[in-house]
Amino acid sequence: MADCSPISIILVSSGSLRGDRLLFRYPYQELPCKPAISPAVASNPYVLREADCSGSTSNQGLTGYTDKILATLMATKTELAGDKFELKVDNLRFVGHPTLLHQMSSSIDLSRSDGPSPRREPSPIILFNIVFVIQANVSPSLNQYYHDLSKRLALAIRHEEWRCGYLNKQAQIMRDVHDEVSAMPEDSAPASPFQHMIPRCDLARELRDVYTGLCDSGIVNIRINSWILVSFCLPHKVHNNNVDAAKIEPEAVERCISAIRPYHAMLLLVDRDGLLEELPQDCSPALTRLIRIATPLKSLQCLSQDSDLALSQIFQLVSHLVYWGKATIIYPLAESNVYTLSPNAKTSVNSLLCEKFLEQFPGVCLPAVMGDFSLPLPLGEHRNPLGLPQQQAQLVQMVVWMLQHRLLVQLHTYIYLMSIDPEAAGTGSAKSQASPLLLVPDDAARNRTISGGSEAISVGSPDGGELELSSSVETYSTYSTEMGSDGMLITKDARLQRKLTESLLSDLTEGERMSVLKVPAASNPEDLRLFARLVWYFRGQHHLEEIMYYENLRRSQLLTLLDKFREVLITCQHEDAAAAVFHTKQY
């Protein structure tokens, strides 16, 4: 994946006085053009060696383009203003949002302006463009994110220009610096005029902070003219700062957010106090309240009750923190949770994580702790029953630390329904297709008292009404019998039991239904009814914890049912969809 950091940020303007002009760019260092000599032709003394001054990139910024060329390329015509600007030259891509200044009068309420009256002389600047220079082979989503940031900055600057003439004042300072440097003698002139702009121009410092924020963390938090707040998050950078092996795309983060459920928990990835200090002063009080009470031991539903906030609002706040890389989604810590080492974990003893872990837990070796989680085991089995309470608390803290640094993966149990004999679906006899409860031997039937057919209650009759799935089979029992084709006597309650069974397992295929009825536990109506209630979870899409939450079941109840129907139910363990995106490699 190409580097998502910008190569340069450029501000150009187009006006009625000086035409197209590059006002500022950062980084401003320029390297001299060096002759590019191919080894194959270096030995020929008659070869004309020319300097390769084509556009390129370096660790110091954009090189090979003069200010005049860049201004001509990026100062578009007024007809193209208000739309996305994108230009690809060699291995570079220029992305911006050209903006006209005079359009502001139709979208601003002049009576509510906080600055001086907008009735002043028109600005000499007609159009300006904030352009980000990125690599040409970046993903389309990254391209769109940089355009969005350019548009946000342009709208904020245009608002301040109409409110107090901010852009015109800052552009004048930049032009004055250009003129001063141009008037200096060549031997005493500085390397770049942009270096002198930063101490004198607020807009230059703001654009510099935008660039450094994108390169360092992928987060931009600045106030244009100390007034308009511009907040921006680049997911390509934020979610890949500490992950070298796994590359997380924004689409994966969106899938994680869409998979958040009430039984999940939120784990902060940064220091709680530091996060509270980073929040703007006018942030939502609900967000502050959630951050203060957040704990990996409680589900989002419990946090909703403790914070007195609606669950939907909790989802929105948690999604916001996950998107900005401040939190992640886990299942609440419990002794039954199964953890194992992440496939992307760095196991080197000289890694930076080992040093951080040693600072957090003195005397504890990170590789040794990671070795304990090499095999997937419940967290309760890592606990020493003879250990002190302080040791148990330290174990929980170490697990939380490793989850924050994505060294551990939690495995959930998923259930699949399988057929014992798929070929029996089309060739099975009536006897094999019936449950053991549905067939009664002759000698057992003869000892029973047979009543008249008129006294029997039929399914759907006016006397008995419709058969309900939650009703007991014994309610509809009767001693009326009839002879089956195989010589067996089928009682009336057996027919009702068969009707009930077919209604309960109507969502299954014939082969699956036959396999379930062959299980001895299917002879118990209560077990069969619970199985039919949960059967749609047995497609490998829902793990045990999710089933327990939505069906209000205890783990022991669910495990008991799995044991009774183990002939047709198989289990496997893998990650939850909400957390798998942070550990899956993107090839």
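The values are calculated or read from the model by the stated rules, or taken from the named source; none is laboratory data. Everything quoted here is computed from the prediction, not taken from an experiment. Don't worry about glycine lacking a Cβ; one is built from the backbone with ideal geometry, like all the others, and counts go over all protein chains shown. These area figures cover heavy atoms from the full protein model, side chains too; ligands, DNA and RNA do not enter into them. Shrake-Rupley method; radii C 1.70, N 1.55, O 1.52, S 1.80 Å.
Values computed for the structure shown
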item	result
Probe 1.4 Å - accessible area at HIS574, Å² to nearest ten	70 Å²
Positive dipole terminus of segment 207-269, leading residue within ALA265, GLY218, ILE228 (C-beta point charges)	ILE228
Entries of LYS88/LYS151; LYS151/LYS247; LYS298/LYS326 with Cα pairs more than 21 Å apart	LYS151/LYS247
GluC sites (Glu not before Pro) within segment 299-387: DSSP coil, no more than 12 neighbouring Cβ in 10 Å	GLU335
Computed label-point distance, nm, for sites GLN557 and ARG383 using a 7 Å Cα→Cβ extension	2.4 nm
Segment 320-380 - percent relative contact order, Cα under 8 Å, separation 6 or more	47 percent
Heavy-atom SASA rank of ILE291, ILE228 (probe 1.4 Å, accessible area, largest first)	ILE228, ILE291
